[in-house]
Amino acid sequence: MNKLIGYARVSTRGQQADRQIEDLVAAGVRRDDLYVDHGVSGARTSRPGFDQALAALQSGDTLVIATLDRLGRSTQSMLTFAQQLRERGAGLRVLNLGGGDVDTSTPMGSMVFTVMAALAQMELDIKRERITDSVAKRRAAGKDLGGRRRAFTDSQIRSAMKLIDAGEPATQVARDFGMSRATLYRRIQQLSVGDSQVLAE
């Protein structure tokens with residue numbers, strides 16, 4: 001019997017995968033077929049939960065992820081991965097890609113996946129370039145030298161989370177935003193708790 005194998009990932013231990021898990025279960029994935037990585041960057045080649053999900057995947061099965069960035073790889077790597085799944089006789093389904101549910105086992109789904117993977121990589125490159133440019137300007141103006149510690153907005157922390165999710169080293173992201181890694185992790189945890197409370201209400 002063909003199965004849906006679900007995979008969820010959060011890059012820091014302060015984040016929760018509940019929302020991803022809810023989406024996967026709603027899409028038909030059984031909880032026994034769910035694999036989750038906590039505090040694991042998408043840039044790492046070895047991800048225990050991801051490796052277990054792939055090991056459980058058989059011909060005819062479909063790997064289901066909530067969003068494309070859960071793979072956390074470059075465009076070429078994501079396309080290669082999708083092709084490897086096809087060669088194994090397995091499919092890849094992304095629940096929230098381009099505003100819809102995309103199954104790469106179909107010709108249209110494969111095309112949409114290719115385009116969105118390229119756009120995701122371009123968005124990351126642009127965001128990285130903007131951050132680097134902003135940091136360079138602050139340093140040139142001497143704004144990051146001593147003085148009162150900056151207050152970081154939730155929007156900035158969410159941007160940092162997206163970069164980490166996409167595979168950027170947390171230490172580098174924290175440095176680019178002008179904060180320590182400990183401060184970044186603390187703010188991510190606070191933001192995740194706040195989001196969970198809002199959802200509970």
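No lab work stands behind these numbers, since they all come straight from the coordinates. None of the values given here were measured: they were computed from a predicted structure. Cβ placement follows ideal geometry from the backbone for every residue including glycine, while neighbour counts extend to all protein chains displayed.
Mind listing the phi-derived Karplus ³J(HN,Hα) values for the stretch 159-165, rounded to whole Hz, using 6.51, -1.76 and 1.60 with θ = phi - 60°, and x for any glycine or proline?
Ordered by residue, 3J(HN,Hα) equals 5, 5, 4, 5, 5, 5, 4 Hz.
Which value in nm describes the separation of the simple spin-label points at residue 130 and residue 155, placed 7 Å from the Cα toward the beta carbon?
It works out to 0.9 nm between the two label points.
Across the stretch 63-69, in residue order, what do the Karplus-derived ³J(HN,Hα) couplings come to in whole Hz, using 6.51 cos²θ - 1.76 cosθ + 1.60 with θ = phi - 60° and x for Gly and Pro?
Ordered by residue, 3J(HN,Hα) equals 7, 10, 10, 6, 9, 4, 5 Hz.
Check which residues have an amide H placed less than 5 Å from residue 90's amide H, if you skip close sequence neighbours.
60
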